[in-house]
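Note sheet for the following structure.
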Amino acid sequence: MNQYNETLEKYLDIICKQIKSKCMHKKIRKELLDHLNDQIDAYIDRGITKEQALQMAMKEMGNPTEIGNQLNKTHKPLISYSTIIIILMFIAVSGIIQYLFSYSLFAIDMGLSNSPLINFIKYAVTGILFFLAVYFFDYTWLKKHPITCYMTFIILITIMNITSYEIMGGHYQLIYPFLLFVPVYASVVYSLRNTKLIGIIVSIIAFIPAIIIASIVHFDYSYIIVSFSCLAILVCAIIRGYFNCNKIVKISTIIITSIIFLIVIINLFTKALTLTKEIEEIDGKGYETYFIKESIVNAKPFGEIQIDYDSRLQLIDYIIPDWRTNHTLIYINSKYGYVPAVTIIILMFILGFKLTKLHKKQNNDFGILLSLGCVSVINLQIIISILNNLGLNVCRISTLPIISYGTGNFVINMILLGLALSIYRRCNIIDDKLYNDGSYIYYKNGKLVFNIKYYD
């Protein structure tokens, strides 16, 4: 290596040495080298020697240590402390709820005292470990191995189906693992970019196994969440031009999606009418609807209420024994008052809002699709659970993420939350079309400009 190249490489090495995100080194070196060469060529055209031109170009660009530090401040992991605090709050709330259930009258009579709390401690530790593992996981691995991820998921879910047994008419154990199909599907859709209409068709075909799995699981809860989340991913990819489709395809996608959402909204509105019906008119679903309505109507700001049923007042402990899974909010509303229940609802909406806000801050193509999938799954769980606790029976199973009892619910949602925060953590250090012109370092008005976008 001659003196000229050695000086140039040493200059770039000093810059990159300051940047901890090694995945950005290659792109940064190339951009800086291109601009240095352009400036060197300009000086040579003015009759200056190559070695002198190099020194002048480097001097004009600036101190390499300062440039590296500036780039390092930009391309460093981002941490959403507020979102992490909210998640920790939910873990604490979940522990409190399982403690309350351990000492509820129903649990004591059934001989379940202490067991829900002990089980929670076990799966909470597992969930937190999974969260940390996924949080520090480089999610771009999914982008590099979409087929491997897709086939592995199908094989594992098939094995789980064969080895599991039926509960309540379906494979209950598969409900939450099935939700992980969404991030896997996002990697498949992204891998089909620039393939036009064929990519859309293949993306639709790739969803067929999910329909088969849903029919095996036999619980509409996971099917609704997975279907809507995958639909959102596909629509987002089409509208943002990932497939390079024409306007007709984009408009058709918007129209078809709007029709689907309209049908669902009408269906939910129809179910909402059950709140106004008498128990005899609801054909089996009236039991839950009646007590939910009574709980809401008679609730106090704080304190327990008794519900009139079968000509006598009864405590909520015996009326809704499955409260720790499907009716957590309505139990808290009846047992401790609507203020604690509404507080949990507000916190849930805050979590959903924070995740949505983090998703909007994504600036790389794959991160957008992947975070959209994670956020959709979490938010849909929140919405369905709240609707169910208001008496709108959207599906049989409708647990609050993290809070409701169960290993699958807690662990899978911690994985999704960890993945969502991992995507945000790397949103400004992943080289994936960060800017439309493909460059964030350029000369303007004789000055070197770093087109850097900071995030809060």
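The condition of being more than 20 Å from residue 139 (Cα to Cα), modelled with pLDDT of 90 or more and of a type in the set (A, V, I, L, M) holds for only one of 214, 186, 206, 210, that being 206. Screening residue 232 with (1) among the hydrophobic types (A, V, I, L, M, F, W, C); (2) within 28 Å of residue 164 (Cβ to Cβ); (3) surrounded by fewer than 21 Cβ atoms within 10 Å (Cβ to Cβ) gives one miss only, at (2).
From 393, 388, 409, which residue is touching a Cys at 6+ places or on another chain (Cβ under 8 Å) and more than 24 Å from residue 234 (Cβ to Cβ)? On inspection, the qualifying residue turns out to be 388.
Taking the numbered list (1) of a type in the set (S, T, N, Q); (2) more than 30 Å from residue 131 (Cβ to Cβ); (3) surrounded by 14 or more Cβ atoms within 10 Å (Cβ to Cβ) in turn, residue 72 passes all entries but (2).
Restricting to region 127-148, name every residue that is farther than 13 Å from residue 367 by Cα and hydroxyl-bearing (Ser, Thr, Tyr). Selection gives 135, 148. Taking (1) over 23 Å from residue 181 (Cβ atoms); (2) among the polar types (S, T, N, Q); (3) surrounded by fewer than 21 Cβ atoms within 10 Å (Cβ to Cβ) in turn, residue 356 satisfies each apart from (1). When region 125-168 is filtered for residues that are under 29 Å from residue 95 (Cα atoms) and outside any helix (DSSP H, G or I), the ones remaining, listed by number, are 136, 137, 164, 165, 166, 167, 168.
Each row is one residue, and each column tells you yes or no for (1) open to solvent by 30 Å² or more (accessible area, probe 1.4 Å); (2) touching a strand residue (DSSP E or B) at 6+ places or on another chain (Cβ under 6 Å); (3) among the β-branched types (Val, Ile, Thr).
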position: 158; (1), (2), (3): yes, no, yes
position: 167; (1), (2), (3): yes, no, yes
position: 172; (1), (2), (3): yes, no, no
position: 178; (1), (2), (3): no, no, no
position: 205; (1), (2), (3): yes, no, yes
position: 210; (1), (2), (3): no, no, no
position: 224; (1), (2), (3): yes, no, yes
position: 249; (1), (2), (3): yes, no, yes
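Please tell me if residue 331 is crowded, with 21+ Cβ neighbours inside 10 Å, modelled with pLDDT under 90 and among the aromatic types (Phe, Trp, Tyr).
yes
The values are calculated or read from the model by the stated rules, or taken from the named source; none is laboratory data. Only a predicted model underlies this, so the values are computations on that prediction, with no experimental measurement involved. Reconstructed Cβ throughout: ideal geometry from the backbone, glycine too, with neighbour counts over all protein chains shown. What goes into the accessible areas is simple: the full protein's heavy atoms, side chains included, and nothing from ligands, DNA or RNA. Shrake-Rupley method; radii C 1.70, N 1.55, O 1.52, S 1.80 Å.
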